[in-house]
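The structure under discussion appears below in the form of structure tokens.
The values are calculated or read from the model by the stated rules, or taken from the named source; none is laboratory data. Computed from a predicted model, the values in this text were never measured in an experiment. Positions of Cβ are generated from backbone atoms using ideal geometry, with glycine treated the same way; all protein chains shown enter the neighbour counts. To get the accessible areas, we keep the full protein, side chains included, count just its heavy atoms, and leave off ligands, DNA and RNA. Shrake-Rupley method; radii C 1.70, N 1.55, O 1.52, S 1.80 Å.
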Amino acid sequence: MIAKFKYIICAFCVIFSVAACVDNDDDVPMNYYTSTKLTAAGLLEENPEQFSDFIDVLKRTPYFSLLSTYGNFTLFAPTNDAMYKYVTKMGYMSVADIPTETCDTLARTHIIKKGAFFTTDISEGSLPELNMDDGYIVLSSDSDVYNNNALIYYINKNARIIERDDSVTNGVVHVIDNVITSSSLLLPDKIAEDSTLTLFSQALELTGMADSLVKYIDETYSCGIDSVHTGAMVRCTSGSALYTRSFWPEKRFFKYTAFVETDSVYAKHGIYTIEDLTAYAKKVYDQTYPEDAGLYDDNPRHRKNPLNRFISYHLLPRIGQYNSWVMSGELREHCWYTSISDPEEFYETMCPGTIMRFAGPSAGLFINRKGLQNNVKVRGVKVLSPSESGSTDQNALNGVYHYLDNILAYTTQVRDVVLNCRIRIDATVLSPDFMNCNGRGRYGEDILTGFKNQYITDWIVSDETYVGVHSDVGYWNSYQANAVCISGIFDVSFKLPPVPSGTYEVRLGYTVGEERGVVQVYLNNEPCGIPVDLRVYGPDPNIGWVEDTDDPDENVANDKAMHNKGYMKAMDSYRPWDAEGPLRNNNWNLRRVLTTKYLDSEQTYYLRFRQVLDDSERYWSFDYIELCPKSVYGSPEGEDTH
């Protein structure tokens, strides 16, 4: 099955398909790839006039031998000219003068160990796997006006791919004209280094929010090498293969994302000084929070100060590359019914009590957009792609920043119009740790990224519980082709993202299975009705799932009857890769209305799920949650099925 669907990653604007190791010419599209019988290391050695300096670097590390072995690598190979530029820039007399420790870092920076990525499979954004130095490889492109506008590919903005897609027996090699280097700057310093962001950087410092973006590695975290490299078999799937291998991250990172406006964007709104920006923030946030107007103006470090709110709404305590925020690429094209729904996701920001709505129409990535394709009610703010963002590398040691084409703010329109919608949140979004270790969006084979229970931000997990994020597998019968798999005699709580104050139906999206168990659900430790039996399929009389007919009115009536019992069908906007219809057609994909509750944006709410069966072999495939406001579920025209 994996071979049929290759490897798939869910991310915004692009999906990366993984090309398997090439053992014969028949496996290679000859119009793109150079078929060889060499390993990656062998290809370098066959061309010493081009790669002798990089070979010298690799041979001072364990990685030349690694590239000679069986595997599925992506290697970015700098030419001798590229190495000369690097040596000159760094002040070395020759390649031999590069310290061994630096050689080790250079080697790891240029190798992706898990996956062979071809440019024919890659568009805009980061590759789904980190390099061996735990860094992102970000691809952008441009047109070569001197060569019939042929595409030029760049790695991390500064290394041009001059020979691409050399297929080898253990992966693929791309030849580059510059050495890939990683920034040693933390995110606030990286932003300060960008001469186009002087106002944003000033405000970041003035509000003290720069101090909130400086953590990097959790020194209290440790993980055994066996758990990192060998993993363990965990009960987290259905069918004949009941166990899936889980791997734990070797390190725990703190990472951040900033969405930033350049000085030129501010200038279009008459903002030229920090005083102008402060006045703009006050105008917006005094309207959004009239009860706080004038109370905190003299203290920009106060979390209710208008400028503080303005800046912190631009910040998220997780890293997300351009293509990481919503579904995209092949998975989007095959699995999302884009004629009825744009791919979306919601994320909590560092401004207390606020979230962002991300949308991925064909026009690009937008924040706080409301509409479908070209039928837009609120345009929102566009996030510029790497190719639209110039030549500056936007990656810091502990995060990344993205340019915006207009001013981003949590306005009354965002609160009352854009977020007046059914807020569906994938389970893999519900902790920054799921993204910061590259667990969310991991492609391909059935694997789990496991998490140590005390190291999951916004989660409280009992000792008897396993929590892992399943890789994206397109044929999975789950929303976004993934899930958070929870097993054991589990007891887990997680923080709900804040929503605008109002009455909401709190819903659970899940897949049914005989191995799943029974869970009692609590909201802030108040029971949400009777336990949910995750083993019971839709046609059960207590649920009332009825297959759709050709009569729309009859379908609406059936949906209403099912909703009256506290259940709903899954969405009709998403389908598994090889399925003939949407998840709505499956009686094992359900939504359960857990409770109807007034939610205050300034309060914190936790959902708790406790396994009530005394059986450690039970598990729960946690798919998504929905926070649906009364204005939507109780509207006269009814809630849509998307």
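Select from segment 68-80 the residues that are modelled with pLDDT under 95 and assigned to a loop (DSSP other than H, G, I, E, B) and write down the one among them that is least open to solvent (accessible area, probe 1.4 Å).
It comes out as Gly71.
Taking segment 501-551 as the search range and keeping residues that are part of a loop (DSSP other than H, G, I, E, B) and touching an Asp or Glu at 6+ places or on another chain (Cβ under 8 Å), which one is farthest from Val418 (Cα to Cα)?
Glu515
Kindly indicate the residue of segment 373-387 that is in a loop (DSSP other than H, G, I, E, B) and more than 25 Å from Ala258 (Cβ to Cβ) and also nearest to the chain's Cα centre (by Cα) among those meeting that condition.
Gln373
Can you work out which of the residues in segment 593-605 that are surrounded by 16 or more Cβ atoms within 10 Å (Cβ to Cβ) and under 27 Å from the mean Cα position of the chain (by Cα) is farthest from Glu639 (Cα to Cα)?
Residue satisfying both the conditions and the ranking: Tyr605.
Take segment 385-435 and flag every residue that is touching a Pro at 6+ places or on another chain (Cβ under 7 Å) and β-branched (Val, Ile, Thr).
Of everything in segment 385-435, just one residue is touching a Pro at 6+ places or on another chain (Cβ under 7 Å) and β-branched (Val, Ile, Thr), namely Ile425.
Would you mind finding the one in Ile137, Ile98, Ile162, Ile155 that is in contact (Cβ under 8 Å) with a residue 12 or more places away in the chain, within 22 Å of Phe253 (Cα to Cα) and aliphatic (A, V, I, L, M)?
None of the others qualify; the one that does is Ile137.
Specify which of the listed residues (Ser616, Ser621) is touching a residue at least 24 places away in the same chain (Cβ under 8 Å), surrounded by 13 or more Cβ atoms within 10 Å (Cβ to Cβ) and part of a loop (DSSP other than H, G, I, E, B). Break it down into steps so the answer makes sense when it comes.
Working: Ser621 fails: part of a loop (DSSP other than H, G, I, E, B).
Being touching a residue at least 24 places away in the same chain (Cβ under 8 Å), surrounded by 13 or more Cβ atoms within 10 Å (Cβ to Cβ) and part of a loop (DSSP other than H, G, I, E, B) holds for just one of Ser616, Ser621, which is Ser616.
Looking at the structure I just gave you, is Phe434 part of a helix (DSSP H, G or I), modelled with pLDDT of 95 or more and open to solvent by less than 10 Å² (accessible area, probe 1.4 Å)?
yes
Just checking, how many residues over segment 320-341 are open to solvent by less than 10 Å² (accessible area, probe 1.4 Å) and in a loop (DSSP other than H, G, I, E, B)?
Going through segment 320-341 one residue at a time, the tally reaches 6.
Taking the options Asp458, Asp446, name whichever one is on the phi > 0 side of the Ramachandran plot, of a type in the set (Asp, Glu), in contact with a Ser or Thr (Cβ under 6 Å, 6 or more places away or on another chain) and open to solvent by 40 Å² or more (accessible area, probe 1.4 Å).
Asp458
Listed here are the residues, each with its yes/no results for (1) closer than 28 Å to Val326 by Cα; (2) of a type outside the set (Gly, Ala, Ser); (3) over 20 Å from the mean Cα position of the chain (by Cα); (4) at pLDDT below 95.
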| site | (1), (2), (3), (4) |
| --- | --- |
| Glu464 | no, yes, yes, yes |
| Asp491 | no, yes, yes, no |
| Tyr504 | yes, yes, yes, no |
| Gly509 | yes, no, no, no |
| Asn542 | no, yes, yes, no |
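Are any residues in segment 273-295 free of Cβ contacts under 8 Å to residues at least 12 places away in the same chain and assigned to a loop (DSSP other than H, G, I, E, B), and if so, which ones?
Ala293, Gly294, Leu295
Sort out which residues of segment 180-198 are under 18 Å from Ile274 (Cα atoms), out of contact with any Ser or Thr (no Cβ under 8 Å at 6 or more places or on another chain) and not in a loop (DSSP other than H, G, I, E, B), and write them in order of number.
Passing the criteria: Glu193, Thr198.
Could you list, in sequence order, all residues of segment 44-67 that are part of a loop (DSSP other than H, G, I, E, B) and without any contact (Cβ under 8 Å) to a residue 12 or more places away in the chain?
Within segment 44-67, Glu46, Asn47, Pro62 meet the criteria.
Go through segment 179-198 and report how many residues are of a type outside the set (Lys, Arg) and surrounded by 21 or more Cβ atoms within 10 Å (Cβ to Cβ). Before you say what the answer is, go through the steps one by one.
Keep residues of segment 179-198 that are of a type outside the set (Lys, Arg), which gives 179-189, 191-198.
If we keep only those that are surrounded by 21 or more Cβ atoms within 10 Å (Cβ to Cβ) too, we end up with 179-180, 187-188, 191, 197.
Here the count works out to 6.
Out of the residues in segment 576-592 meeting the condition of being under 21 Å from Val484 (Cβ atoms) and open to solvent by 30 Å² or more (accessible area, probe 1.4 Å), tell me which one is modelled with the lowest pLDDT.
Initially, segment 576-592 is screened for residues under 21 Å from Val484 (Cβ atoms), giving 576-577, 583, 586, 588-592.
Imposing the further condition that a residue be open to solvent by 30 Å² or more (accessible area, probe 1.4 Å) reduces the set to 577, 588.
Numbers: Trp577: 86, Trp588: 95.
Looking at residues that are under 21 Å from Val484 (Cβ atoms) and open to solvent by 30 Å² or more (accessible area, probe 1.4 Å), I get Trp577.
Test Ile161 against the criterion of being closer than 30 Å to Ser68 by Cβ, open to solvent by less than 40 Å² (accessible area, probe 1.4 Å) and either out of contact with any helix residue (DSSP H, G or I) (no Cβ under 9 Å at 6 or more places or on another chain) or in a loop (DSSP other than H, G, I, E, B) (or both), and give yes or no.
no
Among residues belonging to segment 199-230 that are among the hydrophobic types (A, V, I, L, M, F, W, C), in contact (Cβ under 8 Å) with a residue 40 or more places away in the chain and in a helix (DSSP H, G or I), point out the one that is most open to solvent (accessible area, probe 1.4 Å). Before you say what the answer is, go through the steps one by one.
Pass one, segment 199-230, residues among the hydrophobic types (A, V, I, L, M, F, W, C): 199-200, 203-204, 206, 209-210, 213-214, 217, 223, 225, 228.
From what is left, the residues that are in contact (Cβ under 8 Å) with a residue 40 or more places away in the chain are 199-200, 203-204, 206, 209, 213-214, 223.
Still in the list and also in a helix (DSSP H, G or I): 199-200, 203-204, 206, 209, 213.
Numbers: Leu199: 8, Phe200: 0, Ala203: 0, Leu204: 2, Leu206: 80, Met209: 6, Leu213: 0 Å².
In this case the residue turns out to be Leu206.
Residue by residue, here is whether (1) over 30 Å from Ala570 (Cβ atoms); (2) of a type outside the set (D, E, K, R); (3) under 17 Å from the mean Cα position of the chain (by Cα); (4) not in a loop (DSSP other than H, G, I, E, B) holds:
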residue: Ser391; (1), (2), (3), (4): yes, yes, no, no
residue: His402; (1), (2), (3), (4): yes, yes, yes, yes
residue: Ile407; (1), (2), (3), (4): yes, yes, no, no
residue: Tyr410; (1), (2), (3), (4): yes, yes, no, no
residue: Gln413; (1), (2), (3), (4): yes, yes, no, yes
residue: Val417; (1), (2), (3), (4): no, yes, no, yes
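Could you please find all residues in segment 98-155 being of a type in the set (S, T, N, Q), at pLDDT below 85 and open to solvent by 50 Å² or more (accessible area, probe 1.4 Å)?
Thr120, Ser123, Ser143, Asn147, Asn148, Asn149
Take the conditions hydroxyl-bearing (Ser, Thr, Tyr), assigned to a loop (DSSP other than H, G, I, E, B) and modelled with pLDDT of 95 or more and apply them to Thr595. Does it pass?
No; evaluated as a whole, the condition is false for this residue.
Considering each residue of segment 229-285, count those that are touching a Lys or Arg at 6+ places or on another chain (Cβ under 8 Å), aliphatic (A, V, I, L, M) and within 24 Å of Lys304 (Cα to Cα), and give that number.
Matching residues across segment 229-285 total 1.
Counting only residues that are touching a Leu at 6+ places or on another chain (Cβ under 6 Å) and at positive phi, how many does segment 517-576 have?
Final tally of qualifying residues: 1.
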